[in-house]
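The values are calculated or read from the model by the stated rules, or taken from the named source; none is laboratory data. What you see is a predicted model; the values in this text were computed from it and never measured. Note that we place each Cβ from the backbone using ideal geometry, even for glycine, and neighbour counts take in every protein chain shown.
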Amino acid sequence: MKALDIALKDLTRSFRSLFAVIFMFGLPLLVTGLFAVMFGRIGANEGFDLPRVKVVVANQDLHGPRLQAGSKNIPGGIKADTLSELMVAVLESEDMADLLEVSRAPDGAAARAAVDNRQAQVAIIIPEGFSRQFADQYGKAEVEFYQDPTLTIGPSIVKSILSQFMDGLSGIKISLDTVIDVVTTSSGANPALVGNFIQRYLNSSITQTSDLRETVLDERLPAKPQADEKKKENGLVGILGPIMGGMAIFYAFYTGTATAESILREEEERTLPRLFTTPIKQSTILSGKFLAVFITVFVQFIVLLVAGRLIFQIQWGDLAAIGLLVVGVVVVASSFGIFTNSFLKDTKQGGIVFGGVLTLTGMIGMMRIFTMGVASPPPMLSTITLLVPQGWAIRGLLQAMDGASMLDVALSVLVMFIWALLFFVIGVRRFNKRYV
């Protein structure tokens with residue numbers, strides 16, 4: 001009972017300190033809240049409207065061979081006499097009007113000048129003989145693409161549209177050339193097959209469509225607003241969960257060390273030596289001090305987990321697994337605080353521990369959380385984090401949240417208990433020798 005009374009006295013002193021309360025509860029919640037605001041704003045900006053890209057076209061292919069395909073084999077039913085006219089008509093079509101603002105230029109020089117003078121973002125220059133080169137079985141038709149080098153998104157959109165369109169036409173040309181080569185080189189081949197093959201290809205190619213926009217663009221419509229909002233919310237919770245859990249573990253070790261530091265503080269204030277002169281055994285006094293450390297860390301960790309669930313809707317995982325993890329974290333964080341303070345001569349050295357040892361070990365332990373967004377983190381990273389007790393606590397937390405088996409979580413907790421036993425035995429022995 002005496003040990004419990006001493007523990008309750010220390011607990012009262014700790015929770016009456018505004019600084020201690022802010023440190024234990026305010027900072028972890030504040031850090032997680034900042035991440036929630038940051039990621040929430042990022043998510044809110046996922047949808048945006050692209051400005052229309054200003055495109056200037058110089059069609060110098062005025063006397064190319066006429067198209068022989070019917071209107072039903074031209075995207076959107078566009079009417080065009082030559083291949084170059086077809087390309088310009090596609091860019092000027094109503095389907096592209098919300099993306100492109102197309103103007104004409106008399107020649108290539110004028111088109112390039114429009115881009116240089118910032119009157120347009122992209123210039124498309126169709127050279128003379130373009131249609132003839134495309135119609136030639138061995139010809140090579142090319143289009144000049146001239147863009148403002150300071151821009152990326154707009155020119156990329158135009159290039160994508162143009163590439164999709166040209167790739168479709170190139171597929172027709174390659175198929176025709178292949179069939180013609182087969183017919184002209186194979187004895188007994190039926191030339192009528194050429195027309196049949198061409199018509200089948202046209203019916204299945206990208207030129208056979210009533211929706212030009214669908215032909216040259218790969219668009220992905222957003223999900224229904226409710227489903228999209230739900231997905232965004234789940235993604236945000238998935239990000240905040242490890243962060244909140246990591247903050248809880250990080251500050252649990254701080255609290256364990258700060259609470260155990262009260263032993264040194266009372267020694268400096270001469271409260272502890274006077275207490276040793278009473279009939280109460282020294283082991284009972286130290287037990288009460290140590291018990292206060294464990295209870296303080298336990299209250300802090302439980303409050304943070306409950307707050308994370310209520311405020312940020314974080315799912316911590318199976319109740320049994322998370323309960324076992326709580327015990328492991330409380331034991332190892334408290335024992336670490338006792339162990340660390342047993343090496344300090346006075347509270348002045350506590351700043352070194354808080355600013356150096358705890359920060360370093362805490363950051364090493366949280367490296368798995370810091371690199372969760374990395375596609376392929378270094379394999380050595382998982383080993384490095386397990387060199388400190390915080391790393392095992394983070395490992396157990398992530399296992400519980402990912403729905404790992406109880407055996408996997410128990411293994412992490414077992415290692416934490418081994419750490420805790422080592423810390424506690426060394427710390428208690430050093431304090432006992434110190435106050436003999």
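Annotation note: of Asp95, Asp148, Asp116, Asp107, the sole residue that is on the phi < 0 side of the Ramachandran plot and without any contact (Cβ under 8 Å) to a residue 24 or more places away in the chain is Asp116. Taken over the range 30-56, the residue count meeting the criterion of being modelled with pLDDT of 75 or more, among the hydrophobic types (A, V, I, L, M, F, W, C) and under 18 Å from Glu101 (Cβ atoms) is 3.
In the range 243-260, the residues that are outside the structural domain of Val297 (by TED's automatic domain parsing) never reach a residue that is modelled with pLDDT of 90 or more and outside any helix (DSSP H, G or I) with C-beta atoms less than 9 angstrom apart, at least six apart or across chains. Residue-level check: of (1) within 19 Å of the chain's Cα centre (by Cα); (2) closer than 21 Å to Ser334 by Cβ; (3) surrounded by fewer than 19 Cβ atoms within 10 Å (Cβ to Cβ), Met366 misses just (3).
Within the range 324-335, being of a type in the set (Gly, Ala, Ser) and over 15 Å from Leu304 (Cβ atoms) holds for Gly328, Ser334, Ser335.
For the range 119-141, which residues satisfy the criterion of being of a type in the set (Asp, Glu) and free of Cβ contacts under 8 Å to residues at least 60 places away in the same chain? Within the range 119-141, Asp136 is the sole residue that qualifies. Going by what's in this entry, would Gly328 be described as surrounded by 22 or more Cβ atoms within 10 Å (Cβ to Cβ), modelled with pLDDT of 85 or more, closer than 19 Å to Phe23 by Cβ and in the same structural domain as Gln390 (by TED's automatic domain parsing)? For Gly328, the condition - surrounded by 22 or more Cβ atoms within 10 Å (Cβ to Cβ), modelled with pLDDT of 85 or more, closer than 19 Å to Phe23 by Cβ and in the same structural domain as Gln390 (by TED's automatic domain parsing) - is not met. Selection within the range 112-163: residues that are over 21 Å from Pro51 (Cα atoms) and among the acidic types (Asp, Glu). The member of this set that is surrounded by the fewest Cβ atoms within 10 Å (Cβ to Cβ) is Glu142. Per the listing Leu86, Leu67, Leu62, the residue uniquely at pLDDT below 85, in contact with a helix residue (DSSP H, G or I) (Cβ under 7 Å, 6 or more places away or on another chain) and more than 30 Å from Leu240 (Cβ to Cβ) is Leu67. Does Thr359 satisfy the condition of being surrounded by fewer than 20 Cβ atoms within 10 Å (Cβ to Cβ), more than 23 Å from Ile295 (Cα to Cα) and either more than 35 Å from the chain's Cα centre (by Cα) or hydroxyl-bearing (Ser, Thr, Tyr) (or both)? No.
On inspection, Gly350 qualifies as small (Gly, Ala, Ser) and surrounded by fewer than 23 Cβ atoms within 10 Å (Cβ to Cβ). Assess whether Arg368 counts as being within 21 Å of Phe298 (Cα to Cα), in a helix (DSSP H, G or I) and among the basic types (Lys, Arg). Answer is no for this residue.
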